[in-house]
Structures are given as structure tokens and as C-alpha cells.
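Structure record follows, encoded as C-alpha cells.
The values are calculated or read from the model by the stated rules, or taken from the named source; none is laboratory data. Model, not experiment: these values are computed from the prediction. FYI the Cβ positions are ideal-geometry reconstructions off the backbone, even for glycines, and counts take in every protein chain you see. The area values use the complete protein model at the heavy-atom level, side chains included, leaving out ligands, DNA and RNA. Shrake-Rupley method; radii C 1.70, N 1.55, O 1.52, S 1.80 Å.
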Amino acid sequence: MSSKTLFRVGDVSCYLRGRVWYLRYQEHGRRRQVRAGTDRDAVRRLAAEVNTQLAYGIAASTSFEPITIAQLRSGWLEHHENVLRSSVATISRYRTATRHLITFIEAGGVPQKVAPFTAVQAERFVHYLRSLEVSPNGHANASRRRLRDKGLKFVLEVCRTMFNFALKRRHLPPYANNPFTLIDIDRIPVEDAKPFVDLPTEKQCELLMACDEWAFPIIATLMLTGVRPGELTHLLVPDDLDLTGGWLHIRNKPELDWQVKTRNERSIPLHPQLILLLRKHVGIRRSGPLFTRRGVVCSGLPLTGRTRAALVAELNLRVEAAVQAVDQPPRLLRQRHAKNVWRDAGAVRPDKLREAFMKLTAQIGMPEVTTPKTLRHLFATTLQDANTDPLIRNQLMGHSAAGLPSASGGLGMTSVYTHTRPETLRRQLMEALQDHPAVHAIEDRLSRYAAQATRTQNGSSRCSIVAISGPNASDAIAV
């Protein structure tokens with residue numbers, strides 16, 4: 001081979017194949033061969049750089065570890081599991097999203113390794129996703145439909161993040177780009193998003209009137225606090241409820257395998273009418289979930305009325321007993337038993353809450369409203385209508401922490417230096433909820449409860465007088 005097509009720089013060989021130069025060298029006992037470019041002088045400088053790095057035992061800038069996309073997916077999910085400690089639900093969503101890519105590759109005609117996967121294959125993957133029919137809730141028996149644009153973009157964004165992980169771990173050649181970055185995911189329009197269905201004021205009133213005694217405090221709390229349904233079903237008495245001070249605390253409970261979606265704890269002021277309603281709802285209970293399933297008080301569940309510490313102790317006992325018998329990842333094992341502990345404590349399941357909400361919306365003639373999260377949207381809209389400060393809105397909604405680039409609302413460092421006083425938070429929320437239909441509905445409901453209690457008490461008194469009428473009636477009444 002002539003010198004025009006081959007030369008060496010120390011331990012690095014450079015050779016020409018066609019019009020492209022390649023480098024060949026040994027690193028940690030393994031042979032490396034990488035594409036270097038078409039300019040001979042630039043290739044010589046790169047070879048000198050690599051030779052110096054090899055001499056000092058530094059990882060060569062041109063080196064990368066080729067792996068398959070299946071191996072990349074496994075390593076990326078393990079990174080979220082063991083390093084970032086992402087929530088189990090988040091990892092499950094990532095696993096489902098990347099499973100579409102694995103299925104696409106297994107169908108054939110696409111490189112299985114990370115390095116050869118290009119923007120052309122990424123575009124073919126987009127076509128594949130648009131042809132998919134999926135079940136919206138993931139259930140095998142659910143009706144299937146085409147993947148919506150938001151779902152398609154989520155899958156592509158997850159894949160883009162996974163390939164960024166490959167770049168950082170040097171599983172892609174140094175000259176390669178992320179193939180999912182090159183297809184401009186952010187420019188894909190969302191044309192078939194599920195529309196948000198608003199509940200007018202009269203429909204909100206009808207919804208509250210349709211509630212029975214079990215559902216009314218739940219719906220009223222969702223309306224007047226804007227908590228997520230999952231947050232509502234994991235509230236504990238008295239840990240998260242301060243009726244004396246008038247606060248509802250949304251706190252992480254990692255020891256019971258539950259955390260806030262954004263991990264951001266917050267405290268929400270309670271409207272005075274809601275305080276009265278919750279005081280009546282809680283009654284004489286001093287511990288356990290704030291909202292329990294229908295009839296749970298009389299059901300005799302094994303963990304009814306347990307304190308938070310007692311629930312944690314019970315969960316630890318169940319996990320310790322199951323570790324030896326079940327070969328399952330620790331987090332999944334703890335999650336499964338934590339769900340059982342919440343169930344045995346009588347907590348409302350989020351899916352059962354949704355079923356109850358769907359029955360109520362069907363009664364008021366709006367069956368298209370299918371999720372309790374609609375009430376969270378209404379709460380945010382109420383704050384907007386009242387011109388509530390954006391930072392306070394962010395805090396009440398429990399979104400990403402203020403000060404982060406994605407959540408600073410354009411205020412930059414101002415949001416970091418701003419600390420909302422509790423009295424300011426309460427004042428602005430009370431102003432926003434001043435004419436809320438739920439406030440008036442609670443007043444009417446409590447008035448009915450009081451009138452019913454008065455009638456019951458008067459009826460009991462009359463029954464007692466009739467029962468003791470007779471020769472000694474005057475003595476009995478005097479007593």
C-alpha cells in the first residue's frame with residue numbers, strides 16, 4: 001500500500017478507503033477502527049491527538065462502545081432506576097414508549113445497533129408510529145385507536161433522550177448526531193389532541209347537587225384546592241390536614257411508596273366553608289386516610305384507622321416477609337405491597353374515584369367529561385380569572401419549582417428571590433374562591449345537615465316524652 005493511502009502517527013495507523021480516511025489503533029487490548037474524515041492534514045492532527053491520549057492512558061476522543069439499541073434501552077432504564085431514582089410510574093412510561101422502537105427494529109430492515117441508526121431510520125419510525133393502533137389505557141380489552149400526536153411526540157422525545165444518553169456514554173461515534181434531534185420533533189404539530197371540555201358554572205352546581213354524602217366532600221375538595229386525584233387519595237389524617245390552622249399539606253410519603261408527581265411539596269389554604277365540611281366529614285376519626293372508600297368504616301379492614309407510623313411498620317413487615325419468597329426487583333415488590341397497605345387502610349383508589357366521577361358527569365348530561373383532573377383545570381382557570389399572581393398560581397398548582405428555566409415564567413431569578421408569605425397565599429386564594437359555586441353548595445349542604453340534625457333531635461325528644469307518659473310523667477320530665 002503506497003504512502004498516499006497509508007501512514008502512521010505513533011501507535012495510530014491512518015488508511016484511505018475510497019475518499020474517506022480511517023484510524024486504526026489498540027485501546028485497552030481492543031482494536032478500534034473509526035472514520036476520521038476526508039482531509040489528510042486534519043486526519044493527521046486527529047491521529048496525533050489520539051496517539052497522545054493513548055500514551056497517557058486517556059480515553060481516545062474518537063473511541064466509542066458500539067452496542068445494540070436493546071442494550072441501550074436496558075442500560076438507560078437501569079440508570080433511571082438506580083441512579084436518578086425516577087418514579088416507578090415514570091420508568092413504566094419510558095419502558096412502554098421505547099418498546100415501540102424495539103418492536104419496530106425487530107420487524108426487520110433496520111440496524112439493531114445504535115451507531116448505524118440514522119435520521120432516515122428515525123423518519124421511518126415516525127411513519128411506523130402513525131400506522132399503529134393502541135389502547136389508550138393500555139388494557140388488552142380496551143378499544144384500539146391510532147396514536148394521537150401528543151402520544152407520538154412523547155415516544156419520539158423519550159427516544160431522543162435515550163440517544164442523548166448514548167452520546168454521553170460514548171455509544172455513538174464522535175462525529176455522529178442524535179438521529180431523533182435531526183427530525184425536528186418540536187415542529188411536529190398537534191392536530192388531533194383531545195379537546196378540553198369546560199364545565200360552566202351551572203353544570204358545576206348540578207355536579208355538586210348530584211353528589212351523595214360520600215362524593216360531595218371529595219368533589220368539593222377537588223374544586224377548592226386543585227389537588228391532583230392521586231394526591232387526594234393519599235391524604236392522611238392528621239398528618240396532611242390542619243383544620244385548626246386551615247391548611248391542606250401535600251407531602252411526599254416515600255416510606256409508603258408514594259410521592260408527589262413533581263416531588264414538590266406544598267401547602268394549600270382551606271376555605272372556611274371547606275374547613276367546616278371536612279370537620280364534619282372527618283368526625284371522630286383521628287388517623288387513617290382522609291377520604292375512604294364507601295362503607296369502609298363498617299367493613300372491618302385490617303388497617304382501618306392506623307396512623308402513618310403504623311402503616312409504615314406494616315408495610316416493612318410485609319416487604320421483609322415477601323423478599324425471601326418472591327424473586328422480584330425490590331422497588332416493584334415494595335410498590336405492590338404499598339398498594340395493598342393503602343387498600344387495607346381503606347383509601348380510595350384513583351380508578352374508582354374516576355368511575356364515580358364519570359357517573360356524576362353522566363347524570364348531569366356531560367358524559368364526555370371523564371376525568372376528575374378536569375376540576376384541577378377549573379381551579380387553575382379560576383385563579384386566572386381572578387388575576388392571581390403567576391408565582392402563587394404556580395405554588396398552588398404544585399408545578400415545577402420556581403426558578404428553573406422551564407418554570408420561571410419568564411421572571412428568571414426574580415422567582416428565586418420571591419418567597420410567598422402564607423397570609424398572601426391565603427388572601428389571594430380566598431379572593432379567587434369568593435363566588436365559587438362549591439362554596440355556596442357547601443353552605444347549602446351544611447344548612448341541610450344542621451336542619452336534619454335539629455329535626456332528628458326534636459323527634460328523639462318527643463319520642464322520649466311519649467315513652468315516659470303516664471302517672472310518673474311529671475317526675476320524669478322534671479328529672
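Every residue, every condition in (1) farther than 21 Å from residue 353 by Cβ; (2) touching a residue at least 40 places away in the same chain (Cβ under 8 Å); (3) open to solvent by 30 Å² or more (accessible area, probe 1.4 Å); (4) aliphatic (A, V, I, L, M), yes or no:
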site	(1), (2), (3), (4)
236	no, yes, no, yes
239	no, yes, yes, no
255	yes, yes, yes, no
275	yes, no, no, yes
Exercise. Tell me, which residue of region 306-319 that is in contact (Cβ under 8 Å) with a residue 40 or more places away in the chain and under 28 Å from residue 355 (Cα atoms) is surrounded by the most Cβ atoms within 10 Å (Cβ to Cβ)?
Worked result: 311
Seminar exercise, completed: The correct count of residues that are touching a Phe, Trp or Tyr at 6+ places or on another chain (Cβ under 9 Å) and part of a loop (DSSP other than H, G, I, E, B) in region 91-118 is 6
Exercise. Of a type outside the set (A, V, I, L, M), touching a Lys or Arg at 6+ places or on another chain (Cβ under 9 Å), modelled with pLDDT of 95 or more and open to solvent by less than 40 Å² (accessible area, probe 1.4 Å), is that true of residue 62?
Worked result: no
Exercise. Do we find a residue being small (Gly, Ala, Ser), at pLDDT below 90, open to solvent by less than 60 Å² (accessible area, probe 1.4 Å) and over 39 Å from the mean Cα position of the chain (by Cα) anywhere in region 82-97?
Worked result: no
For this session: Go through the residues of region 120-133 one by one and say whether even a single one is over 22 Å from the mean Cα position of the chain (by Cα), surrounded by fewer than 17 Cβ atoms within 10 Å (Cβ to Cβ) and assigned to a loop (DSSP other than H, G, I, E, B).
Result: yes
Exercise. Across region 312-344, what is the number of residues that are outside any helix (DSSP H, G or I) and modelled with pLDDT of 90 or more?
Worked result: 0
For this session: Please name all residue pairs, on different chains or six or more residues apart, with Cβ atoms under 9 Å, provided the first residue is in region 46-65 and is more than 16 Å from residue 8 (Cα to Cα) and the second residue is of a type in the set (Ser, Thr, Tyr) and assigned to a helix (DSSP H, G or I).
Result: 58/52
Problem set entry | Selected residue (only one of 455, 426, 421, 462 is closer than 18 Å to residue 271 by Cα and either open to solvent by less than 50 Å² (accessible area, probe 1.4 Å) or at pLDDT below 90 (or both)) | 421
Exercise. What are the residues in region 354-405 that are within 17 Å of residue 262 (Cβ to Cβ), open to solvent by less than 20 Å² (accessible area, probe 1.4 Å) and not in a loop (DSSP other than H, G, I, E, B), if any?
Worked result: 376, 379, 392, 396, 397
Exercise. Which residue, of 42, 36, 70, is at pLDDT below 85 and surrounded by 12 or more Cβ atoms within 10 Å (Cβ to Cβ)?
Worked result: 36
